[in-house]
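> Supplied in structure tokens, the structure appears directly below.
Taken together, the values in this text are just the output of simple stated rules run on the coordinates, not laboratory data. Everything numeric here is computed off the predicted structure, so don't read it as measured data. So basically every Cβ, Gly included, is an ideal-geometry build from the backbone, and we count neighbours across all protein chains shown.
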Amino acid sequence: MKTVQHILEGKPSIIHAVSQNTSVLDALQMMMEKNISALLIIENDKLMGIFTERDYARKIILQGKTSRDTPIQQVMTHNPRTITTNEKIDSCMEMMTNNLFRHLPVVENGKVIGIISIGDIVKHIIEDQKQTIDQLQSYISS
């Protein structure tokens, strides 16, 4: 069974992060520019939280806060669940499905080395299944 390492090998190693004092507006601006739906909150190389579009909808819009005046620390998800590169892809999918979240920070030795999304997992599973189908077709044809 393949692991998170296989997914990370196929992705750019860029980590998009902001500090806890960043305004929600600035975080949203960065998310728009990078075309991403989640940002990690990192202070002194330590993961403090994650901020997602879902956090914005539920904790800013619905609570009547303003994006310009609210620091991300007030609305981020504190202490998000993390994984290592050795985590099996199936267990990540199960964790995300059971806990209703779409992003998992990857942490090794206390340092963030990446993030995977449910989209990354689905893409990997589709590629894996296509490879299996191709192998089976080749086997049947020979």
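> Of all DSSP beta bridges in the chain, what percent run antiparallel (nearest 5)? Let's see the in-between values first.
Details: 16 of 19 bridges.
Bridges in the chain that DSSP calls antiparallel: roughly 85 percent.
> Next up: With the crude spin-label approximation of a point 7 Å out along Cα→Cβ, what separation in nm comes out for residue 132 versus residue 93?
So the two model labels end up 0.8 nm from each other.
> Rounded, prolate or oblate for the stretch 4-141? Axes are the square roots of the Cα gyration tensor eigenvalues, ordered a ≥ b ≥ c, and the cut-off for rounded is a/c under 1.5.
Prolate, because a/c is 1.5 or more and a/b exceeds b/c.
> Calculate the dipole size of the chain relative to its Cα centre from +1 charges on Lys and Arg beta carbons and -1 charges on Asp and Glu beta carbons; express the result in debye to the nearest 20.
Values: 15 positive and 16 negative charges, 70 e Å.
The dipole of the chain has a size of about 340 debye.
> Let me ask something else. What is the list of residues in the stretch 62-89 whose amide nitrogen lies under 20 Å from a point 7 angstrom out from the Cα of residue 32, following Cα to Cβ?
62-73, 75-76
> Determine ³J(HN,Hα), in whole Hz, for all residues of the stretch 124-135 in sequence, where each value follows from phi through the Karplus function 6.51 cos²θ - 1.76 cosθ + 1.60 and θ = phi - 60°; x replaces Gly and Pro.
5, 5, 4, 4, 5, 5, 4, 4, 4, 4, 4, 5
> Figure the gain on full extension for residue 82 and residue 118 (residue separation times 0.36 nm, minus the Cα-Cα span) and round it to one decimal in nm.
Details: separation 36, 0.36 × 36 = 12.96 nm, distance 1.38 nm.
Extra length available between residue 82 and residue 118 comes to 11.6 nm.
> Going by amide H atoms built from the backbone, whose H comes under 5 Å of the H on residue 115, apart from near neighbours?
106
> Also, I was wondering about something else. Given the rule -39500 (n - 2.57) for each run of at least 4 DSSP H residues, summed and divided by the residues of the chain, what is its mean residue ellipticity at 222 nm, to the nearest 500 deg cm²/dmol? Walk me through the numbers before you get to the answer.
Details: 5 runs with 56 residues, N = 142.
Taking each H run of at least 4 residues, the total per residue is -12000 deg cm²/dmol.
> Towards the positive end of the charge dipole of the chain, with charges on Cβ (+1 Lys, Arg; -1 Asp, Glu), say which of 138, 79, 109 has the farthest Cα.
79
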